[in-house]
Amino acid sequence: MKFYSLLLLFSTVLLAQNNYPKDYFGVPLDIPMQVSGNFAELRPNHFHAGFDLRTNGREGAAVHAVADGFVSRIKISPYGNGSAVYIDHPNGFTSVYCHLQKTEGPIADFIHKAQYNQKSFEVEMFPKANELVVKKGEIIALTGNTGSSEGPHLHFEFRDTKTEKIINPLHFGYDKFLNDTRKPTVAALYVYPVDDKTSVNQSKRPIMLNLSLQKDGTYLASKVSANGKIGFGITADDYDAVSKSKNGIYKIQSYLNGKPSFGFQMDTYSFDEMRYINALIDYPKYRKTGQRVQKLFMSTPYPLSIIKTDNTNGVVTVRPNLTSVYRIDVADFHGNTTTINVPISFDTMSTVIDKEPVVSNYFVKVNRENIFTKNNWSVFFPAGTFYDNFDMNFDVRGDSLYLHDEMTPVHSSFTITVEDSKYPEGQSDKVFIADIDSRGRTGYNGTSRKGNVFTAKVKSLGKYTLATDTTKPSISIGNSIEGKWLSSQKSLQLSISDSGSGIKSYNGYLNGVWALFEYDYKTRKIIHDFSDGIVAEGANDLKVIVTDNVGNSTTFETRFYRSQK
């Protein structure tokens with residue numbers, strides 16, 4: 001009772017501290033708000049940082065500043081958030097707008113000037129408070145599909161200006177636009193043996209439990225019989241009545257015999273915590289099946305601030321002569337809740353399904369540095385590289401390093417080093433440490449070289465080898481423009497690609513002057529807009545230079561004509 005009272009007091013204090021304004025911010029789009037991705041939705045290696053707002057499958061919708069403020073940051077990149085604008089507001093919060101097609105007005109002029117000054121499409125700037133002042137409702141940009149976006153939409157988020165912690169937009173009154181009377185949907189419930197000594201329902205592997213809908217609207221899980229330490233995991237989704245999209249869960253809380261055991265609530269967190277999603281979910285199952293099971297226990301504690309747990313970290317110890325009831329409440333922001341009850345009893349029946357065998361020759365401990373060496377390869381894991389202790393397979397066969405497998409998540413970078421003297425001096429700068437996926441495809445990793453020793457920092461387990469890239473990047477144009485008049489065209493477009501280490505840089509020039517080309521890595525297109533005004537009347541000499549990550553370079557040159565009249 002004492003623990004529950006403390007938990008209730010902590011929750012009350014937390015809510016008092018987070019007194020978010022409900023009517024201060026407006027809406028960023030003119031079209032009705034429909035969410036295709038919500039706050040903290042589970043994504044690869046991260047929690048989603050805000051709302052993905054639908055734009056009816058089109059680009060070009062007007063984006064409005066949601067309140068008075070000033071543009072505090074601008075980042076233009078072909079990756080990640082694409083073209084993004086950050087606005088600081090006087091009440092201590094920052095609104096963020098991403099995947100923009102283009103910005104408007106003074107913001108666009110500011111970006112364009114910086115790109116030409118820096119001679120780069122990719123720029124990041126932090127304007128002063130008086131440089132780009134905006135008013136509530138002002139059009140600052142048009143929606144797009146830039147960066148890692150998989151379709152036209154607006155990514156919209158809020159941050160605490162001082163701490164840069166991300167905050168659930170629903171706390172700012174946007175919940176009123178998303179009518180939600182539907183309970184979250186539970187797709188699957190799993191029970192896990194937490195250690196090698198435990199079996200559950202005669203299995204040393206995780207098993208899925210059947211769920212039966214009861215007359216009162218709750219679910220009853222099939223009985224759990226175990227003889228040691230167990231934990232639970234759940235797959236669930238949420239839907240609102242407006243967007244009709246499958247979204248992530250706002251809150252999950254488990255109870256053991258009525259006492260809070262393990263839970264999390266998606267209100268706010270920091271970017272430094274993002275990768276802990278790989279500890280929260282059953283990572284091997286995700287890699288094998290694509291299903292994200294959220295674990296309601298921690299074998300090894302990790303500092304994800306959204307988690308609130310008792311002193312067992314959500315692990316249930318099943319003891320003789322005791323029965324327990326485990327309850328899970330899955331809730332959305334509006335309070336709609338789905339409840340599951342799980343009966344638990346002690347059982348010493350013999351194991352029928354053994355633990356899945358693991359090929360290993362080393363044991364890795366989370367809180368220790370680990371160094372492994374064989375032949376000419378070595379690997380250094382700093383303390384905290386992984387989430388749990390585990391049996392690791394480390395081997396070198398032929399010219400390749402075999403580093404366990406991709407089913408084990410990695411939290412932070414580790415170092416791979418290989419010594420190889422077979423590459424002549426003139427060719428060694430084209431060599432890099434490559435990862436090889438299950439399809440045999442080669443991935444580039446930034447590699448440093450000192451003599452015959454090659455070193456790379458990487459963030460995943462798997463197969464690695466030394467690869468050589470002597471192939472130049474490719475530059476092409478759809479239809480030849482050599483000697484042609486382009487007076488009616490608004491832009492100039494080329495395709496660039498590299499089949500080896502990947503593109504590092506590209507630069508375009510018109511009549512010897514650097515020209516801005518926007519890059520879309522998804523389509524491999526670079527585009528120059530003639531409205532930039534650097535194209536000459538009459539003859540124009542175009543030169544494009546593309547360089548890959550190991551220094552191979554290709555130059556494309558042609559001459560075209562254009563009339564500005």
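Below is a table of values for the structure above.
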| read-out | value |
| --- | --- |
| Single match in ASP68, ASP52 (criterion: of a type outside the set (Ser, Thr, Tyr), over 21 Å from ASP529 (Cβ atoms) and surrounded by 18 or more Cβ atoms within 10 Å (Cβ to Cβ)) | ASP52 |
| Count of segment 38-54 residues which are over 12 Å from the mean Cα position of the chain (by Cα), in a strand (DSSP E or B) and not aromatic (Phe, Trp, Tyr) | 3 |
| Any chance GLY233 is buried (at least 20 other Cβ atoms within 10 Å of the Cβ) and outside any strand (DSSP E or B) | no |
| Meets criteria (part of a loop (DSSP other than H, G, I, E, B) and out of contact with any strand residue (DSSP E or B) (no Cβ under 6 Å at 6 or more places or on another chain)) for GLY60 | no |
| Filter result for ASN145 (touching a residue at least 60 places away in the same chain (Cβ under 8 Å) and more than 25 Å from TYR506 (Cβ to Cβ)) | no |
| Test result for LYS244, in a strand (DSSP E or B) and over 17 Å from ILE344 (Cβ atoms) | no |
| Matching residues in segment 473-486 - criterion: being among the polar types (S, T, N, Q) and surrounded by 13 or more Cβ atoms within 10 Å (Cβ to Cβ) | SER474 |
| Enumeration of residues in segment 243-300 that are of a type in the set (Ser, Thr, Tyr) and either in contact with a Leu (Cβ under 6 Å, 6 or more places away or on another chain) or farther than 28 Å from PHE390 by Cβ (or both) | SER243, SER245, TYR250, SER254, TYR255, THR268, TYR276 |
| Contacts under 8 angstrom Cβ, first residue in segment 433-456 being without any contact (Cβ under 8 Å) to a residue 12 or more places away in the chain, partner among the aromatic types (Phe, Trp, Tyr), 6 or more apart | SER448/PHE454 |
| Residue selected from segment 359-370 under the condition surrounded by 12 or more Cβ atoms within 10 Å (Cβ to Cβ) and aliphatic (A, V, I, L, M), by the criterion farthest from ASP405 (Cα to Cα) | VAL366 |
| Residue list for segment 489-505, filter: assigned to a loop (DSSP other than H, G, I, E, B) and farther than 24 Å from ASP109 by Cβ | ASP498, SER499, GLY500, SER501, GLY502 |
| Contacts under 8 angstrom Cβ, first residue in segment 99-124 being outside the structural domain of ALA141 (by TED's automatic domain parsing), partner of a type in the set (Val, Ile, Thr) and surrounded by 16 or more Cβ atoms within 10 Å (Cβ to Cβ), 6 or more apart | none |
| Output for segment 157-176, where each listed residue is among the charged types (D, E, K, R), in contact with a strand residue (DSSP E or B) (Cβ under 8 Å, 6 or more places away or on another chain) and within 20 Å of SER36 (Cβ to Cβ) | GLU157 |
| Per-region count, segment 144-188, residues within 18 Å of LYS251 (Cα to Cα) and within 25 Å of the chain's Cα centre (by Cα) | 15 |
| Filter pass, ILE249 being in a helix (DSSP H, G or I), in contact with a strand residue (DSSP E or B) (Cβ under 6 Å, 6 or more places away or on another chain) and buried (at least 19 other Cβ atoms within 10 Å of the Cβ) | no |
| Condition broken by GLU122, with the remaining ones in (1) buried (at least 18 other Cβ atoms within 10 Å of the Cβ); (2) in contact with a Ser or Thr (Cβ under 8 Å, 6 or more places away or on another chain); (3) not polar (S, T, N, Q) satisfied | (1) |
| Near pairs, Cβ below 6 angstrom, 6+ apart or cross-chain, from segment 413-430 (over 13 Å from PHE454 (Cα atoms) and touching a residue at least 60 places away in the same chain (Cβ under 8 Å)) to any residue that is of a type outside the set (Phe, Trp, Tyr) and not in a loop (DSSP other than H, G, I, E, B) | none |
| Subset tally (residues that are in contact (Cβ under 8 Å) with a residue 12 or more places away in the chain, more than 19 Å from ALA236 (Cβ to Cβ) and part of a loop (DSSP other than H, G, I, E, B)) for segment 299-321 | 14 |
| Whichever residue in segment 414-447 is over 33 Å from the mean Cα position of the chain (by Cα) and outside any loop (DSSP other than H, G, I, E, B) and, among such residues, is surrounded by the fewest Cβ atoms within 10 Å (Cβ to Cβ) | GLU419 |
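Okay, residues lined up against (1) modelled with pLDDT of 95 or more; (2) surrounded by fewer than 18 Cβ atoms within 10 Å (Cβ to Cβ); (3) over 21 Å from ARG43 (Cα atoms); (4) not assigned by TED's automatic domain parsing to the domain that holds GLN265:
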{"position": "PHE126", "(1), (2), (3), (4)": "yes, yes, yes, yes"}
{"position": "ASN130", "(1), (2), (3), (4)": "no, yes, yes, yes"}
{"position": "VAL134", "(1), (2), (3), (4)": "yes, no, yes, yes"}
{"position": "GLY144", "(1), (2), (3), (4)": "yes, no, no, yes"}
{"position": "SER148", "(1), (2), (3), (4)": "no, yes, no, yes"}
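Condition check ((1) over 13 Å from PHE121 (Cα atoms); (2) outside any loop (DSSP other than H, G, I, E, B); (3) modelled with pLDDT of 95 or more) across all residues:
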| site | (1), (2), (3) |
| --- | --- |
| ASN507 | no, yes, yes |
| TRP514 | no, yes, yes |
| TYR519 | no, yes, yes |
| ILE527 | no, yes, yes |
| SER531 | yes, yes, no |
| ASP541 | yes, yes, yes |
| VAL544 | yes, yes, yes |
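The values are calculated or read from the model by the stated rules, or taken from the named source; none is laboratory data. Note that the structure is predicted; figures quoted are calculated from it, not measured. Don't worry about glycine lacking a Cβ; one is built from the backbone with ideal geometry, like all the others, and counts go over all protein chains shown.
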